[in-house]
1. Just a yes or no: is a residue in segment 285-301 assigned to a helix (DSSP H, G or I), closer than 19 Å to L143 by Cα and out of contact with any Phe, Trp or Tyr (no Cβ under 8 Å at 6 or more places or on another chain)?
2. Out of the residues in segment 104-120 meeting the condition of being open to solvent by less than 10 Å² (accessible area, probe 1.4 Å) and outside any loop (DSSP other than H, G, I, E, B), tell me which one is nearest to I213 (Cα to Cα).
3. Would you confirm, using the coordinates I've provided, whether A47 is modelled with pLDDT of 85 or more and touching a helix residue (DSSP H, G or I) at 6+ places or on another chain (Cβ under 7 Å)?
4. Could you list, in sequence order, all residues of segment 259-310 that are polar (S, T, N, Q), open to solvent by 20 Å² or more (accessible area, probe 1.4 Å) and at pLDDT 95 or above?
5. Does segment 311-330 hold any residues that are assigned to a loop (DSSP other than H, G, I, E, B) and either at pLDDT below 95 or surrounded by fewer than 19 Cβ atoms within 10 Å (Cβ to Cβ) (or both), and which are they?
6. Considering only residues that are over 12 Å from F166 (Cα atoms) and part of a loop (DSSP other than H, G, I, E, B), look in segment 209-230 and name the one that is nearest to the chain's Cα centre (by Cα).
7. Within segment 331-344, which residues are at pLDDT below 90 and either closer than 17 Å to E282 by Cβ or open to solvent by 50 Å² or more (accessible area, probe 1.4 Å) (or both)?
8. Looking at A73, A68, can you tell me which residue is exposed (fewer than 13 other Cβ atoms within 10 Å of the Cβ) and modelled with pLDDT under 95?
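The values are calculated or read from the model by the stated rules, or taken from the named source; none is laboratory data. Everything numeric here is computed off the predicted structure, so don't read it as measured data. Don't worry about glycine lacking a Cβ; one is built from the backbone with ideal geometry, like all the others, and counts go over all protein chains shown. In case anyone asks, the SASA skips ligands and DNA or RNA and just uses the protein heavy atoms, side chains included. Shrake-Rupley method; radii C 1.70, N 1.55, O 1.52, S 1.80 Å.
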Amino acid sequence: MQFCGLVPVSEAFEQRCAKLIANLGIAGENDVLAVRPLTGGVASDIAVVSLPGREVCVKFALAKLKVAEDWHAPVHRNKAEFAWLTAAATCAPGNVPKLFGWSASDNGFAMEYLTGETVYLWKDALLASEPDRGEAEAVAAVLGAIHAASTLSGFDRSPFQNRDDFRALRLEPYLSFTASKHPDLAPRLSELVTSLYEADRVLVHGDVSPKNILFRDGKPIILDAECATMGDPCFDLAFCLNHLFLKALHLPESKRSLLASVLRFWGTYALFVNWEDAMALEARVAALLPALMLARVDGKSPVEYLSETDQARIRALTVPLIARPVCRLLDLIDVIAEDCEVQR
């Protein structure tokens, strides 16, 4: 979810936003001065609502995602996202936006609109090859704290029994669809799907991506948790690190910094792992990562910045790694770094 860019607004959408604002008790429908839809996401309608003296952000889940392939998902995931943000706020209050409420009748929620001179999107900083400011470690620490908190005996798991939604939003469009394009890899990808579907170790965000992470005053603000479920922590880790690997291949001038940030991310996160053996978790991350890399080329949601040459390189790199996975992130980094050197 990217908090920038404007698109045309319909009268019906303006009315929907105003109704949500009123039903949540934030303001009256007639207090809405303007509605500005935001671009950047494919799964939701998002807008900034201007009220007297302030602005808030509203979000509604879409039944059909805005991608080329046919991709549908249940809209009640909006409630799961609000639940994740609420749960995350208990252990990382400065790392999620302030919430103003969720409405069952409107199937939407309102939250703080994040803007200002100190706010930037991590994805934009990475693609612009801006100097590293410790973003990877900061994100890893927040994610580690949330994952660890969700393993405690008092944690309420009931809002996050969403494995079927997770399958519809993540496993099918990324791994199962990719398997249909690579029949030789289908048995291995199916194993990953089954393992991820059955897992319930920690509270998984499901979309930890630089495009969903804003930084404000140097602190990460994690957004877009509509895939939230109890699951395997390896998914959140691999999903995030995947973007660092892809950008290392896409941006040769940033390769060294990006690959180094992968190890710093893991080193920071591993300090929080007290619910299982960290080496076992790292092995699952290293095994899943190549599959997710390939999925961002041949899945339902391909990465927009990769050229055809980049895509071909990723296929050549990942297919053997999916068939014969490595156990350490360092081994994966070595493979990527060697390919980058060959391409120079």
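1. yes
2. Restricting to residues being open to solvent by less than 10 Å² (accessible area, probe 1.4 Å) and outside any loop (DSSP other than H, G, I, E, B), the top hit is M111.
3. Considered against the rule, which asks whether it is modelled with pLDDT of 85 or more and touching a helix residue (DSSP H, G or I) at 6+ places or on another chain (Cβ under 7 Å), A47 comes out as yes.
4. T268, N274
5. R324, V326, C327, R328
6. For segment 209-230, the residue satisfying everything is S209.
7. I336, E338, E341, V342, Q343, R344, listed by residue number.
8. After applying the criteria, what remains is A68.
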